[in-house]
Amino acid sequence: MIYSVGANLKDLERIDAGNFINLNIWERTHIQEWIRKNPQILGEEFLIVSMEFDRFVSSSDRLDLLALDREGNLVVIELKRDPLSGFADLQALRYAAMVSSMTLEKLAPYYLAYLKRYCDREVSITEATSEMRAFVDDDAFTQLSSSPRIVLCSENFSQEITTTVLWLRQSNIDIRCVQIIPYKHNESILIVPKVLIPLNEAKQYLIDIKTKEVSVENSIKARKRRAMQVILENNLLKEGDRISLQNALPTWVKYDENDSQFHAIITGKTGMSNTVKWEQDNQEYSISNLTWRIFTELHPQKREYGGLSGAWHWVDESGRSLSQIADEFLGQSLATGA
């Protein structure tokens, strides 16, 4: 559910989720058009290059939307109005296999036809090809990847679908599920998109997979918790001490000493979400959540950063990482028998 706040900033109105069928929302007439015109609904920037693509040899299938991503991959976008409709994953895999041999030269006429029919634009083959090349964030881009990505989009997903998607991702198939939920509010319909990673509907599958890695994962989690806990409980850093985000940063993050987003203050609190105060907004965070937020926001495509230990990336005024401070203290304690 979502809530609407009145103009006086006091009245809060609850808005319950609806569904496509009850709200008379149709797959091709509405959902497909929304995404065609606003592909960022799916969580990143896409260039739509074809709609209702049906140029498959010996097949009458129609691919809902075909797109290009910023890295030069084709993206198969499969829409489902009915969350209980089966075989969406298999259908999308079939489409991906069919377009995997597509070249930029073969794709250009379809993009040209798409621009003419849906965007009322007349361009040449050369111009269409140039537009696709310009969209890709690589000056050396000349050809499509042979590994298309897949995006499944629906208001909900069955556990059969999500389990299959998770297994495919484990097998290095780039496939995701994007949930779009409609809400009726007065005379408007609000659409709330959400990329489901991880997929809550497949919790049992995740549990089964994680049992194979439980010792390693628990060790990592314990390390994340331990660093800040050790530091605060033993006054290794105190309330008001300043720390900086500058150790072992991803390639797209460039430390700037004068930029407030790279600095935080130790609060002295030991809760799950209030150990540091970010100088950028003066709000309190856990060290790892703040690190994840900064890394994600600074990524050119706003991609979510994977598992991390925030204490490893932040350093004190002497340049030691928080993890190093905690580890050194624990090492000394063990040596002295404390």
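The values are calculated or read from the model by the stated rules, or taken from the named source; none is laboratory data. Bear in mind that the values here come from a model prediction, so they are computed numbers and not experimental data. Counting neighbours? That spans all protein chains shown, and the Cβs are built from the backbone with ideal geometry, glycine included.
The table for this structure:
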| item | result |
| --- | --- |
| Number of positions in region 159-204 that are of a type in the set (Gly, Ala, Ser) and at pLDDT 85 or above | 2 |
| In region 321-332, the residues that are free of Cβ contacts under 8 Å to residues at least 12 places away in the same chain and surrounded by fewer than 16 Cβ atoms within 10 Å (Cβ to Cβ) | Glu328, Gly331, Gln332 |
| Ala97 assigned to a helix (DSSP H, G or I), of a type in the set (A, V, I, L, M) and surrounded by fewer than 17 Cβ atoms within 10 Å (Cβ to Cβ) | yes |
| Ile35 vs. criteria in contact (Cβ under 8 Å) with a residue 60 or more places away in the chain, β-branched (Val, Ile, Thr), in a helix (DSSP H, G or I) and closer than 18 Å to Arg176 by Cα | yes |
| Filtered residues of region 116-169 (kept if free of Cβ contacts under 8 Å to residues at least 40 places away in the same chain, touching a helix residue (DSSP H, G or I) at 6+ places or on another chain (Cβ under 8 Å) and of a type in the set (Val, Ile, Thr)) | Val123, Ile125, Thr129, Thr142 |
| Candidate set: region 128-183, residues that are of a type in the set (Phe, Trp, Tyr) and surrounded by fewer than 20 Cβ atoms within 10 Å (Cβ to Cβ); chosen: the one nearest to Gln91 (Cα to Cα) | Trp167 |
